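Notes for the one structure printed next.
The values are calculated or read from the model by the stated rules, or taken from the named source; none is laboratory data. Treat the numbers as computed from the prediction; the structure is a model and nothing was measured. Here Cβ is always computed from backbone atoms with ideal geometry, including for glycine, and neighbour counts include all displayed protein chains. Note: areas computed on protein heavy atoms with side chains; ligands, DNA, RNA excluded. Shrake-Rupley method; radii C 1.70, N 1.55, O 1.52, S 1.80 Å.
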Amino acid sequence: MNIEFHYYAVKYLAYMAGFREAEAQSLAEISQFINDSQQEIGVIVDQSKLPQDIKNRLLYKVTPLATKVFLPKTAALSPQNIGYKDDLKDSVTQWNSLIPFHYFPSMPLDPTGEDYVNYVTTAIRNFEDNDLFNTQLVGSIQQYKNESDPKTESLLRIGVLAHILAASFSYTCFNGLNSWRNTARLAEVFVPKTYQHPTEDYKPEELAKNPPVGQACVGNSVDDCGISGVFYHAADPTDTTYSATKTFQSISNILGAGRGLFRYFLLCKDKKPSDYDSVWDSTITPVLKELTADWQAPVSGLNDKWKKKTGLDYSYDANTVRANIMKLDNLYRFVIVADDLRKCVKADSVGPLKKTDSAGALEIGTIDLRDDKFTVTVRGQVDKPTALALQLSLKDKNFPYQQLAAYNYPFPDSSTAEGVLDIDFHKQEGEYNLQATLSDQSELVLTEPLTKNLEILLDSPQLLCRLQPLSPASLRSRTEVTVSNAFDGGCDLCYLDNDVYKNAQGNNVLDTYLSVRAIITLNKNYKFVKLRDYTLFFQEKGGQQLFHCKNPRFNHFQMNGSNSIEIGFDPEWKNYLPADNPKGIAEYELVLQFSADIVCTDQDSSLKQQYRTIHWDSSKVPNQAQAFPHVVFKWPVSANITESSRE
């Protein structure tokens, strides 16, 4: 995200949620300033007059000449700065600036461990998905409600958290460290509004030379408005071929982050977010789509552009905001917020897990994994009533920094505690850890928390499902297959019935007569219950989807036993593919998507709770949506195309 979201959209969203315009301006300024505070600046203070909280946290430095409190550096140097690459590689920048403000983890990171470099930033779509962020969010909402006007301190904290939430959408799959997670190569950038392909404007070859820290290897492409794009990145620490693919769309990130912030701001104003769904759908979404549709819109025109549409006054100047924050009272507030966030992302700042105590009992019930739900009941008991709290969390062991669920159930005066974890659970395979912790907040009965862990192993057809194209397929094992009409110019396949012609509007179009067949096969331990839907379409590179007709006369499927399905599409398409291309060719990928109900056939009774009917959708599984991964179709456009009024 850039200033168009962090300042302009944030102010609009806050105002629409009920903040006064002055409040919306204040928190939006802070949201953007997180990107603009790229160096520490010392402010001379009187040590005897320092607030006690600043003293207790040791957030000041005593030098022979003066005592100083430093404006926090919350962003790395800009790429235009000569020291940019060295700053990225600096571990202090990574831990103090990048991780807490831009690449926020879902749980505290242990700098002394081995796996912390593997964490990834995940989009904070639901606050409950990121317990670490949720804790900060709940605290800021309570602070805003309790603080008297003017709510300077809480607005500052809300503005910082607004930036963090928005950044999580742009930087999904990256982290704030020097890590293999960040090795990436920008492949393509597309501007939907103007049909431009400005990939070279981002200088991908130069970006590839940046240190693998954050999004440095793909640059500002994931921050800019009005674009979509693709980059390749490493699938594991040993992957030097960048075999994983990531697509991004700025409008998807903007609407996702915008929805999250609107909910956050409504909660601050003590409003129920679900009551404002119609406002989001009918008013806010169209405004965000319209105002962020332009790629690299001139900053000089943004104030008028946003004011004309929203009626709000816009004015942001980084130096003015910096000068205001460096006033002592504001500086102290900013320093404390930064310190809170820097500490919360480090595991060593929250202390070690306490040992269990035998003064109580804690039991995890049977796990129910039917359909796409995860349900389990946990019960705890102590000798006499006290202030109990039951905490439940579910984590993916293969991705330990991704917390799937976290709940806290309070029991103010009770000797028993019962909590039910009941969540949507669409993940289909892997190893998980369910942790339950029973604690006594008064420490009169349980002097230390009682903790239990349950390891859960889920097998899945996601990794056992094979999509094999029968036709068309590359006859020469090449990564691109050229399908031509009526001539073979070094092409793999030739379809004589394909026809390029000028339609009534004078545009070059292509009718395709292309037969397609594929087999979907499951491992022998699984079987298909029902094929729900299947779709075949051409995906124009960076553009629209063009579907094969749904007429059952022209497509079919056949069950080959219980674990294999053959899907076929007859030649008839007639979908008039646009064939105009400045390079003389029209490029399309062939995509097959399907959904089905799948069950495990293993009859081992001890494993019953580990399997369930799975509603499997290939479009939601990485690397499975494309049934023909090694086929890119190119139709050369004939030089002599005749006028036609074909229907």
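Residues that are open to solvent by less than 10 Å² (accessible area, probe 1.4 Å), at pLDDT 95 or above, touching a Leu at 6+ places or on another chain (Cβ under 9 Å) and not acidic (Asp, Glu): does the stretch 106-114 have at least one?
First, the residues of the stretch 106-114 that are open to solvent by less than 10 Å² (accessible area, probe 1.4 Å): 106, 109.
In the following step, the residues that additionally are at pLDDT 95 or above were identified as none.
Checked against the condition, which is being open to solvent by less than 10 Å² (accessible area, probe 1.4 Å), at pLDDT 95 or above, touching a Leu at 6+ places or on another chain (Cβ under 9 Å) and not acidic (Asp, Glu), the stretch 106-114 yields no hits at all.
Under 6 Å between Cβ atoms, at least 6 apart or on separate chains: pull out the pairs that start in the stretch 324-350 with a residue that is farther than 17 Å from Gln143 by Cα and end on any residue that is modelled with pLDDT of 95 or more and open to solvent by 30 Å² or more (accessible area, probe 1.4 Å).
Within 6 Å, the pairs are Arg342/Asn96.
Considering each residue of the stretch 408-426, count those that are assigned to a strand (DSSP E or B) and either open to solvent by 40 Å² or more (accessible area, probe 1.4 Å) or on the phi > 0 side of the Ramachandran plot (or both), and give that number.
The qualifying residues number 11.
Give just the number: which of (1) in a loop (DSSP other than H, G, I, E, B); (2) modelled with pLDDT of 95 or more does Thr356 not satisfy?
(2)
Please work out if Tyr232 is more than 20 Å from the chain's Cα centre (by Cα) and surrounded by 15 or more Cβ atoms within 10 Å (Cβ to Cβ). Explain how you work it out, then say what you get.
On the way: more than 20 Å from the chain's Cα centre (by Cα): no; surrounded by 15 or more Cβ atoms within 10 Å (Cβ to Cβ): yes.
No: the conditions fail for Tyr232.
Scan the stretch 246-265 and give yes if some residue there is open to solvent by less than 60 Å² (accessible area, probe 1.4 Å), touching a helix residue (DSSP H, G or I) at 6+ places or on another chain (Cβ under 6 Å) and assigned to a loop (DSSP other than H, G, I, E, B), otherwise no.
Scanning the stretch 246-265, I find no residue that is open to solvent by less than 60 Å² (accessible area, probe 1.4 Å), touching a helix residue (DSSP H, G or I) at 6+ places or on another chain (Cβ under 6 Å) and assigned to a loop (DSSP other than H, G, I, E, B), so the answer is no.
Which residue pairs have Cβ atoms closer than 9 Å, lie 6 or more positions apart in sequence or on different chains, and pair a first residue in the stretch 274-291 that is of a type in the set (Asp, Glu) with a second residue that is in a helix (DSSP H, G or I)?
Partner pairs satisfying both residue conditions: Asp275/Leu266; Glu290/Lys309.
Taking helices (runs of 4 or more DSSP H) that fall entirely within the stretch 10-72, which contain at least 2 residues that are at pLDDT 95 or above and under 25 Å from the mean Cα position of the chain (by Cα)?
Values: elements: 10-17, 21-36, 52-57.
Result: 10-17, 21-36.
Looking at the stretch 308-317, can you tell me whether even one residue there is in contact with a Phe, Trp or Tyr (Cβ under 8 Å, 6 or more places away or on another chain), of a type in the set (A, V, I, L, M) and not in a loop (DSSP other than H, G, I, E, B)? Steps first, answer last, please.
Here is the first cut: in the stretch 308-317, the residues in contact with a Phe, Trp or Tyr (Cβ under 8 Å, 6 or more places away or on another chain) are 310, 312, 314, 316.
Keeping just the survivors that are of a type in the set (A, V, I, L, M) gives 312.
Restricting the remaining residues to those that are not in a loop (DSSP other than H, G, I, E, B) gives none.
Within the stretch 308-317, not a single residue is in contact with a Phe, Trp or Tyr (Cβ under 8 Å, 6 or more places away or on another chain), of a type in the set (A, V, I, L, M) and not in a loop (DSSP other than H, G, I, E, B).
Enumerate the pairs (first residue in the stretch 162-183 and closer than 19 Å to Val92 by Cα; second residue anywhere and part of a strand (DSSP E or B) and modelled with pLDDT of 95 or more) with beta-carbon separation below 7 Å, excluding pairs fewer than 6 apart on the same chain, so at least 6 apart or on different chains.
Within 7 Å, the pairs are Leu177/Val213; Asn178/Val213; Asn182/Val213.
Inspect the stretch 200-214 for any residue being touching a residue at least 40 places away in the same chain (Cβ under 8 Å), over 30 Å from Gln142 (Cα atoms), within 18 Å of the chain's Cα centre (by Cα) and not in a helix (DSSP H, G or I) and give the result as yes or no.
Filtering the stretch 200-214 down to residues touching a residue at least 40 places away in the same chain (Cβ under 8 Å) leaves 210-211, 213-214.
Those left that are additionally over 30 Å from Gln142 (Cα atoms): 210-211, 213-214.
Right, trim to within 18 Å of the chain's Cα centre (by Cα) and you get 213-214.
Subsequent filtering for residues that are not in a helix (DSSP H, G or I) retains 213-214.
Yes, that holds for at least one residue.
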